[in-house]
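The values are calculated or read from the model by the stated rules, or taken from the named source; none is laboratory data. These figures come from a predicted structure and were not determined experimentally. Because the Cβ atoms are built from the backbone with ideal geometry, glycine has one as well, and the counts that use them run over all protein chains shown. Heavy atoms of the whole protein, side chains included, go into the accessibility calculation; ligands, DNA and RNA do not. Shrake-Rupley method; radii C 1.70, N 1.55, O 1.52, S 1.80 Å.
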Amino acid sequence: MRGGRARWKIENETFNTLKNQGYHLEHNYGHGERNLSVVLALLMILAFLVDQVQQLCCPVFRAAWDKMKTKCHLWEELRHHFRLLLLDSMAELLMALVRGIAPRKPVFEDSS
């Protein structure tokens, strides 16, 4: 009985995270006839797995998450900085969040 409840709790918390903390997993990811929705759902689960590994193993990710307070805010700031900054790596993007580097205008090459 305790094992079943522990498993239910883990599943419930995982799906709650996927639905409410920026991953946007909804019930409309049915299997469908063409399987695209299954592929999208699996990609979302893979992204969630990568995020879980980062939370456990990456101190820079944890520092950025601590600074942003919530995962939703972290994802929004990552997208914002990703659009505006020219960075060489994900670590550099996370450090920009931790250090509070203000987004600069992107550098465009002169085509003339």
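Structure notes:
- Residue within segment 40-54 that is modelled with pLDDT under 80 and part of a helix (DSSP H, G or I) present: yes
- Pair list, Cβ < 7 Å and 6+ apart or interchain, from segment 44-67 residues that are within 18 Å of Arg99 (Cα to Cα) and open to solvent by 60 Å² or more (accessible area, probe 1.4 Å) to residues that are aliphatic (A, V, I, L, M) and in a helix (DSSP H, G or I): Trp65/Leu74; Lys67/Leu97; Lys67/Val98
- Hits in segment 68-100 (condition: of a type in the set (Val, Ile, Thr) and surrounded by fewer than 16 Cβ atoms within 10 Å (Cβ to Cβ)): Thr70
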